[in-house]
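The values are calculated or read from the model by the stated rules, or taken from the named source; none is laboratory data. Just so we're clear, the structure is a prediction, and the values are computed from it rather than from any experiment. Virtual Cβ from ideal backbone geometry, glycine too; neighbours counted across all protein chains shown. Each accessible area value is taken on the protein alone, full model and side chains, heavy atoms only, with ligands, DNA and RNA left out. Shrake-Rupley method; radii C 1.70, N 1.55, O 1.52, S 1.80 Å.
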Amino acid sequence: MSKKTTLSMIVKVNKKVAEADGIVRLELVDPHGRELPPFTAGSHIDVQVAPDTIRQYSLSNAPWDNKRYQLGVLREPESRGGSTAVHDALNEGDLLQISAPRNHFELRPAAKKSLLLAGGIGITPIYSMAQQLDRDGQEFEFHYAAKSRGCMAFLDELEDGSFNDKCHFYLSDEPDTGRIDMAALAKNVEPDTHLYVCGPERFTDSALKTFKDAGWPVDHLHTEYFVAEDIDTSADGSFKVRIASTGEEFDIPADETIANVLIDNDIDLLTSCEQGICGTCLTKVLEGTPEHRDRYLDDDEHAANDQMTVCCSRSKSPLLVLDL
């Protein structure tokens, strides 16, 4: 049985240009010139980049610019097929199937100040956030780290834009620019500041740890992952899942996910990333103890054990009862 996904729209690749070293900029538009569904800063879309390949990409353009969706896509050295397809097989004029925008990385309107940290391709949602904050007249700082100027997407717009005085750039090949001093940023900001960080795993995890260690409230720290954690599955075992509405029970083998088993048995369930990073398959747990393997829920939500991402997480108990 084919899996149900969130893909619901057809768009045209209006532009595909080399944005920076290893990064292409895509501009997606409605084939008939209509406005696209609105989005908020920090949103992403699912994109079917190949027949069996769906990837999530952040929207980098200004949220009020809803005649297009702009993406920045890095060619990943260890690509699982997504970035390679975008860079090598996608052409201007091609039609793509995508989802409507979703946002799990939203700006908090009550924040007194916003601290934006971008590492490498993590600039994509952060750039959209900066444009929104600037338009709203909100206080913010923008810190952007990369290997070199040639690797920086949207650099011309940032240097020449209306908020260039808020931008700080850090380049690995230009030692004079220094490194982002996470500890200093965590120590020297006003109360009610919110942190938004996106980039490679090591960059993001380092920032979050530094700010947590400095005593920042967890609900003031915001990030979004697009790569799943490496998890040792060698000790995985089987368990059962019961559907609360019908009482049906299904065996989940050690080498299968809950989502795959349920979809194969005609249970209505949406999936997207299949890595536990997008939240599409988030499901309430009524009984049992999940073994969380996602990067979507935070530590407190994991500890509550009342919901789980069924695309990748498993069970610590012999039976899980799901609110389906």
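The conditions of being open to solvent by 50 Å² or more (accessible area, probe 1.4 Å), hydrophobic (A, V, I, L, M, F, W, C) and part of a loop (DSSP other than H, G, I, E, B) are not met by residue 100.
Yes/no per residue for (1) of a type in the set (S, T, N, Q); (2) over 17 Å from residue 199 (Cβ atoms); (3) touching a Ser or Thr at 6+ places or on another chain (Cβ under 8 Å):
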| site | (1), (2), (3) |
| --- | --- |
| 54 | no, yes, yes |
| 58 | yes, no, yes |
| 62 | no, yes, yes |
| 69 | no, yes, no |
| 72 | no, no, yes |
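Close contacts from segment 20-47, counting a first residue that is farther than 27 Å from residue 222 by Cα and a second that is among the β-branched types (Val, Ile, Thr) and open to solvent by 10 Å² or more (accessible area, probe 1.4 Å), with Cβ to Cβ under 9 Å and a gap of 6+ residues or different chains, come to 30/10; 31/10. For segment 289-316, the set of residues classified as small (Gly, Ala, Ser), free of Cβ contacts under 8 Å to residues at least 60 places away in the same chain and touching a Pro at 6+ places or on another chain (Cβ under 9 Å) consists of 313 only. Of the set (1) acidic (Asp, Glu); (2) without any contact (Cβ under 8 Å) to a residue 40 or more places away in the chain; (3) closer than 21 Å to residue 312 by Cα, all apply to residue 181 but (3). Within segment 58-97, the set of residues being out of contact with any helix residue (DSSP H, G or I) (no Cβ under 7 Å at 6 or more places or on another chain), touching a residue at least 60 places away in the same chain (Cβ under 8 Å) and crowded, with 21+ Cβ neighbours inside 10 Å comprises just one member, 86. Of all the listed residues (11, 24, 17, 47), the sole one being in a strand (DSSP E or B), surrounded by fewer than 15 Cβ atoms within 10 Å (Cβ to Cβ) and of a type in the set (A, V, I, L, M) is 17.
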